[in-house]
Every structure is written in C-alpha cells, then in structure tokens.
1. How do the pairs read when you match residues in region 120-147 that are over 15 Å from residue 45 (Cβ atoms) with residues anywhere that are outside any helix (DSSP H, G or I) and open to solvent by less than 40 Å² (accessible area, probe 1.4 Å), using Cβ under 8 Å and keeping only pairs 6 or more apart or on different chains?
2. When residues of region 119-157 are filtered for being at pLDDT below 90, of a type in the set (A, V, I, L, M) and open to solvent by 60 Å² or more (accessible area, probe 1.4 Å), how many remain?
3. Cβ-Cβ below 8 Å, separation at least six or inter-chain, first residue in region 43-54 and under 13 Å from residue 128 (Cβ atoms), second among the polar types (S, T, N, Q): which pairs?
4. Taking region 119-128 only, how many residues are in a helix (DSSP H, G or I) and farther than 14 Å from residue 52 by Cβ?
5. Write out, first by first residue and then by second, each pair whose Cβ atoms fall under 7 Å of each other, whose residues are 6+ apart or on separate chains, and whose first residue, in region 6-20, is within 16 Å of residue 136 (Cα to Cα) while the second is polar (S, T, N, Q) and in a helix (DSSP H, G or I).
6. Give just the number: which of (1) open to solvent by 40 Å² or more (accessible area, probe 1.4 Å); (2) in a helix (DSSP H, G or I); (3) touching a residue at least 24 places away in the same chain (Cβ under 8 Å) does residue 116 not satisfy?
Amino acid sequence: MFTLSDLRDIAIQIERNGVETYRSACQRIVDPEMAAVVASMAEEELRHLKWFEQLSRGTDTPSEHPEIEAMGRSLLKEMMESRTFSLGSEPLQRAADVSAALSQSLAFEEDTILFYNTLGAFIESPAEKNQLAAIIAEERRHVQLIERMMAAIQTNGGRVDA
C-alpha cells in the first residue's frame, strides 16, 4: 500500500517542522534556561532530520499495482494531516503564547513517537532499527522536557514568554 520511502518522506517533513517550531519558540521564551532546552531540542530534531535523509530506501520495489499504491499514499497523507504533526508547521508557530506552543508540541511529540513506532516495522536493517529506537528515546525525552516546562510555566503564573 505504501513504502518505506513514503514513510521516510513523512518523517523528514515531521523533523523539519520540529526544527522550525522549536527554533521559532526559542525566540519567544524569555527564560534563558528554558530557551536553551528548546534550542537543544531543535538541534536534536535537526540531527533526526539528517538521519532520516540518509535512511536507506529499503527494499522498495516497483509496484505491480501503481494505482493501489497511489491510493495508499493518499490515504497515508490524509491520516497524517489529521494528526498534530500534520505536514504543515503553521499551527504550532501561530500559538498565542509559549504555554499553547508547548501544549501543541507535547501532542506533536507523542504523535511522532507513535508514527516512528509504525515506521520501525518497515525497517529491516538492525543498525537502522537501533538508530530509530534512539530517536524514539530522544522524542520521549522531549515529552518529559515539555511536561517539565509546562509545569514551570504554571508554577510561575504563565509568565515565561515575551
């Protein structure tokens, strides 16, 4: 229905959105410690992006049924567009304040983890599976960092952003 290449392309777009979103958020955060955490998350997303760009295309072979494959790609794209990490990054960048951006980023990261777990089923190379597992672990750490930042914002009365 769809190929590793299709999933890889979506992962690349997800990581691009993450880099852009976290870099944009850094400009809106006044607290230097939180800004540093978000900047490091942007750098990790950039590393993930580069890895996905290098990910082998696996054993994708020409389809005997290109129309079914095209339908599968279309369905996959529709499914992805309805998730938090949709293929556009605008909703996160338009968030009214840092609290809203963090809340959306949390959902983004959780959806990304689910997607990458699905992607893992299509990867055959043990080395690539291990690297994907490391990326998933970093995404889980992002969830924890975001949750901590959200708690800090609530503790400080929501006065973290400019």
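1. Pairs found: 122/3; 123/55; 128/55; 129/123.
2. 1
3. The qualifying pairs are 51/131.
4. Number satisfying all stated conditions: 2.
5. Sorted first by the residue in region 6-20, then by its partner, the pairs are 14/112.
6. Against the list (1) open to solvent by 40 Å² or more (accessible area, probe 1.4 Å); (2) in a helix (DSSP H, G or I); (3) touching a residue at least 24 places away in the same chain (Cβ under 8 Å), residue 116 comes up short only on (1).
The values are calculated or read from the model by the stated rules, or taken from the named source; none is laboratory data. Just so you know, these numbers come straight off a predicted model, no measurement behind them. Glycine gets a Cβ as well: all are built from the backbone with ideal geometry, and neighbour counts include every protein chain shown. Only protein heavy atoms, including side chains, enter the accessible area calculation; ligands, DNA and RNA are left aside. Shrake-Rupley method; radii C 1.70, N 1.55, O 1.52, S 1.80 Å.
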